[in-house]
1. Just checking, which of ARG115, ARG96 is at pLDDT below 90 and within 15 Å of the chain's Cα centre (by Cα)?
2. Return only the number of the condition from (1) of a type outside the set (Gly, Ala, Ser); (2) modelled with pLDDT of 95 or more; (3) under 15 Å from the mean Cα position of the chain (by Cα); (4) loosely packed, with under 15 Cβ neighbours inside 10 Å that VAL125 does not satisfy.
3. Determine whether region 2-15 contains at least one residue that is without any contact (Cβ under 8 Å) to a residue 60 or more places away in the chain, part of a loop (DSSP other than H, G, I, E, B) and out of contact with any Pro (no Cβ under 6 Å at 6 or more places or on another chain).
4. Considering ALA57, ALA80, which residue is aliphatic (A, V, I, L, M), closer than 21 Å to ARG26 by Cα and outside any strand (DSSP E or B)?
Amino acid sequence: MRRLLLDTHVVLWWLSDDQRLDEGARRLIANPANHAAVSAASVWEMAIKSSIGKLSAPDGVEKAILACGFAPLAITIEHAARVGELPLHHRDPFDRMLIAQAQLEGLELLTADGRLGEYSVRVVVI
């Protein structure tokens, strides 16, 4: 079993059946033996970017995420504290939260952003 944390764009691509999500990634996510989690940080990122016109997220995205069977991952105090300990390879606060969560929860981060591999976290670049 693989324990995956889906990056925000991966969640959006899954929900919209976007072709940027390749077959290998689709198989990883769809495999019932795997655990696929979506962070509250991703929903937060979608909400903020939608409200300022930078993203068109589907209405009821949180319900769609749960309907897909993804495990919700809350943000804890430990996750927030770990963000402050990360080196500044990357300044995106949402990505930094996902990295902290992946580190602390023992998750592989499924992403198209190869820069996230600069951190001490298992990254699956799609």
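The values are calculated or read from the model by the stated rules, or taken from the named source; none is laboratory data. All figures in this text were calculated on a predicted structure; none of them were measured in a lab. Cβ sites come from the backbone with ideal geometry, for glycine too, and all protein chains shown count toward neighbours.
1. Numbers: ARG96 fails: at pLDDT below 90.
Criteria check complete, one pass: ARG115.
2. (2)
3. Initially, region 2-15 is screened for residues without any contact (Cβ under 8 Å) to a residue 60 or more places away in the chain, giving 11-15.
Remaining after also requiring part of a loop (DSSP other than H, G, I, E, B): none.
No, because not a single residue in region 2-15 is without any contact (Cβ under 8 Å) to a residue 60 or more places away in the chain, part of a loop (DSSP other than H, G, I, E, B) and out of contact with any Pro (no Cβ under 6 Å at 6 or more places or on another chain).
4. Working: ALA80 fails: closer than 21 Å to ARG26 by Cα.
ALA57 is the lone residue from the list that is aliphatic (A, V, I, L, M), closer than 21 Å to ARG26 by Cα and outside any strand (DSSP E or B).
Yes or no, residue by residue, for (1) touching a Cys at 6+ places or on another chain (Cβ under 6 Å); (2) surrounded by fewer than 21 Cβ atoms within 10 Å (Cβ to Cβ); (3) closer than 17 Å to LEU109 by Cβ:
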| site | (1), (2), (3) |
| --- | --- |
| MET1 | no, yes, yes |
| ASP7 | no, no, yes |
| VAL11 | no, no, yes |
| ASP17 | no, yes, no |
| PRO32 | no, yes, no |
| ALA37 | no, yes, yes |
| SER42 | no, no, yes |
| GLU45 | no, no, yes |
| LYS49 | no, yes, no |
